[in-house]
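The values are calculated or read from the model by the stated rules, or taken from the named source; none is laboratory data. Owing to the predicted nature of the structure, the values given are computational and were not obtained by experimental measurement. Note that each Cβ is placed from the backbone with ideal geometry, even for glycine, and that neighbours are counted across all protein chains shown.
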Amino acid sequence: MTDYRTLRVALLGAGAVGSQVADLLLKHGDELADRAGAKLELAGIAVRDLDARRDVDLPRELFTTDADTLIVGSDIVIELMGGIEPARTQVLHAIASGADVVTANKALLATHGSEVFEAADQVGAEVYYEAAAAGAIPIIRPLRDSLAGDRVVRIMGIVNGTTNYILDRMDTEGADFGDVLAQAQALGYAEADPTADVEGYDAAQKAAILASLAFHTTVPLDAVHREGITSVDAAMIESARHAGYVIKLLAVCERLAGENGGGESISVRVYPALVERTHPLASVHGANNAVFVQAEAAGDLMFYGAGAGGVQTASAVLGDVVSAARRHIAGGIGVGESTRANLPAVPIGHVITRYQITLEVDDQPGVLATVAGILSEGRVSIATVEQTVIEQTPDADDSAAATGSATGAGSARLVIGTHKAREQDLSETVERLAASGVVERVVSVLRVEGN
Ligand code: NAP
C-alpha cells in the first residue's frame, strides 16, 4: 500500500448519521485513503452517553465524552451532533484549532452560518456541508463549484422528506392530513413532535442555505417566508388533482429582476404550492427529495434522491471528508463562501406568481361578475374559472329554510386560476372577496409554481 500521510479525523456524534460515518470510515479506510491521498485515522468519537446503543458495532475504545480534547490536534472534525449548542462552540473550537470542518447541521448553518464561515476565513480553514441540505443528494457542490460560472435564476426544492411522504400519501390515497401524519409517526417517517417538518422550519433552514450559495448572498433565516402543510386537507388535494396539479411543499429561491430601475433582489420562501403533474418535481414520491435548478446558461437541472437516512447521509459526509483531506494534502487556504453579490431579500408581498383561489359563493345570478370585478379592481387577472354547484343535504335545506336564509338558493364552488399577480395585490384582493356579500367562504389560496 502507498505510504500515505495520516490525517487525524475526530467525529462528534454517533447517532443515525455519525455511527454510519464511523462504520464506513473504518470499513473502507484503504479505498478512502487512495481517493483522498491520505490515510484517514478515526481518532475518536465524542458522544453524550458511552453506554447508549449504537446502530452499528463500533470499537468501544474510540468513544469519549470529552469532545474538547478530541478536537485538539485533529486535521478534520466531523460534527454530527445536531442542534445549535454545543455544536456551534465545538465547530468554532475546531476551526480555531486549525481543523477543517465537515457538518450536516442545517440548523447551525442557517442560524450561525456567517459566524462559522467568517471564523474559517480568518484562519484559512474550510467548512464542508454537503449533507446539510437534501441529505445524500449532491447539491451543495454543484451550486458552489459546478455552477460557479453560471447565474442561478431559480431553485425549487422538495427538501423535506416527511412532508413529501405525507402529501404524496394524501394524493395517492385521498387520506386526510391527520391520519397520514399518525401513520407516518408509527412508521418512523415523522418525529413524535413533527413541528419542524410540517410547519416548514426544516425546509426553511435548507432554503436559506441553498439561496445563500446560489445567489452569493448571506440569507438569514428570518428572510425566508415560511408556511407549513397543516392546512392542506383532502379536499384541496382532490381539487388540485382535478385541475391537473399536485401539492408539494416547496422551497423556492428566486432571483428577481430590478423593479422601477432598482437592482436585482431575491425571494426565498417555503410553502405548499401547486405543481403541474407534468413537471419533474411532481414525480417525486414518498420521502424522496429533489432540487430543480434553473440557471441562465445551463438551463434546467434536477437533482433527485434520498434526502435523509443515516447511511445515505453518511455518503455525503464522507465525500466532504475526502475533499477536506485532499485540501489538507494540497495545502493552501480554504475557499470561503462567496457572499459578494449581497442581494437584498424581498418580503413575500413582492413575489409574482400564479394562484389558484377556491371560493364558496352564493349560487345566484351575477355572483361571478361581482367576483370578477373585485379581482380586476385588485389587478388580478383571471386565467380559468370552474364553477360547481354544491349539493345541499336535506338537513342543510331545512336549516336554510328555518333561518329564512336569502332566497333559499344553494352554494357554488368557484375555482379560479389567475395569471401572474403580485402577492400583495392578491392577498388584498382575497380579503376584499372574503368581505364581499357574495363570498361565503375562502376555501383556499394556493400558489402555482413551476411555470
Ligand atoms: P442523532 O441520531 O440525534 O445523533 C446525535 C449524536 O450526537 C448522538 O450520538 C449524541 O450522543 C451526540 N450528541 C448530542 N449532543 C451531544 C453533546 N452535547 N456532546 C456529545 N455528543 C452529543 O442525530 P442524526 O440524525 O445522526 O443527525 C446528526 C446531524 O445530521 C444533524 O445536524 C442532522 O440535522 C443532520 N442530518 C441528519 C439526517 C438524518 O437522516 N438523520 C439527514 C441529513 C442531515 P448520544 O448518542 O450519546 O446521545
Residues 342, 289: which one is polar (S, T, N, Q) and buried (at least 18 other Cβ atoms within 10 Å of the Cβ)? 289
Where the second residue is surrounded by 11 or more Cβ atoms within 10 Å (Cβ to Cβ) and the first is acidic (Asp, Glu) and lies in segment 172-188, which pairs have Cβ atoms under 6 Å and are six or more apart or on separate chains? 176/234
I'm checking my understanding of the structure. Among residues of segment 1-16 that are touching a strand residue (DSSP E or B) at 6+ places or on another chain (Cβ under 6 Å) and of a type in the set (Ser, Thr, Tyr), which one is nearest to the ligand (Cβ to nearest atom)? 6
For segment 176-194, indicate whether the set of residues that are in contact with a Leu (Cβ under 9 Å, 6 or more places away or on another chain), buried (at least 24 other Cβ atoms within 10 Å of the Cβ) and not in a strand (DSSP E or B) is non-empty. no
Inspect all residues belonging to segment 267-277 and state whether any of them is more than 28 Å from residue 217 (Cα to Cα), in a loop (DSSP other than H, G, I, E, B), over 16 Å from the mean Cα position of the chain (by Cα) and not hydroxyl-bearing (Ser, Thr, Tyr). yes
Quick check on residue 161: is it within 16 Å of the ligand (Cβ to nearest atom) and modelled with pLDDT under 95? no
Is there a residue being among the acidic types (Asp, Glu) and touching a strand residue (DSSP E or B) at 6+ places or on another chain (Cβ under 9 Å) anywhere in segment 20-33? yes
How many residues does segment 17-67 contain that are basic (Lys, Arg), within 15 Å of the ligand (Cβ to nearest atom) and part of a helix (DSSP H, G or I)? 1
